[in-house]
Amino acid sequence: MKSLTVTMIKKYSFALILVVIFTKTEWTLAQDFRVQSHTNQDNRSNFNNNNIDNSAGMQKIQSIKLNYMSDDMHLTSDEAAKFGPVYKQFQNEMNMVLHQKRQNILNSQKNAQDIVNDNFDYDSKILSIKKHYNEEFSKILPPDKVLHFWKSERTFNEEMIKRLKSKRGNDGN
């Protein structure tokens with residue numbers, strides 16, 4: 001019972017720390033992502049330019065995300081040491097394809113049907129990457145932790161999107 005209470009306290013403490021960090025960094029990150037543009041493109045983020053955003057803000061989010069998921073999945077130190085580098089490779093590949101997909105929509109001179117077909121191709125690439133890394137994660141982690149990884153990643157991403165939308169709503173955007 002005491003172990004369960006300590007685990008719960010750790011989990012809630014970590015969540016509280018995340019809230020404080022996100023609250024503090026969201027404003028900074030939002031400012032980092034802003035770009036000056038007088039075109040008809042969506043100008044809310046640096047994802048609109050031809051470079052994948054590797055800013056300090058994005059690296060910080062990825063680090064927070066990795067720490068959150070390692071804790072949420074209850075990884076041992078050995079598992080975390082093996083998981084971290086593989087996860088970073090996964091993130092890099094996913095970011096590359098997601099960037100290409102955004103560029104396809106924002107900068108394309110193609111007709112609408114070609115853009116839709118290209119997006120299906122990007123979605124296929126994303127699925128292939130997820131399947132490949134699911135196998136890689138399964139070499140490092142037991143099946144229940146791999147399943148928990150996919151849930152943790154989705155939860156983290158949904159929370160981040162919710163916070164960014166909330167922040168934008170408070171900024172009047």
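Taken together, the values in this text are just the output of simple stated rules run on the coordinates, not laboratory data. For clarity, every value in this text was computed on a predicted model and none was experimentally measured. Reconstructed Cβ throughout: ideal geometry from the backbone, glycine too, with neighbour counts over all protein chains shown.
Quick check on my link table: of Lys131/Lys162; Lys110/Lys167; Lys110/Lys130; Lys88/Lys151; Lys101/Lys165, which ones sit more than 24 Å apart, alpha carbon to alpha carbon? Please report the intermediate quantities before stating the final value.
Details: Lys131/Lys162 27 Å; Lys110/Lys167 34 Å; Lys110/Lys130 28 Å; Lys88/Lys151 17 Å; Lys101/Lys165 21 Å.
Correct reply: Lys131/Lys162; Lys110/Lys167; Lys110/Lys130.
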In nm, spacing of pseudo-spin labels at Asp78 and Asp144 (7 Å Cα→C-beta vector): 1.8 nm
Label-point separation in nm, Glu158 to Gln113, each point 7 Å along Cα→Cβ: 3.7 nm
Computed lengthening from Ser124 to Met96, 0.36 nm per intervening residue step minus Cα-Cα distance: 8.7 nm
For segment 107-160: Kirkwood Rh in Å [reciprocal of mean 1/r, alpha carbons]: 13.3 Å
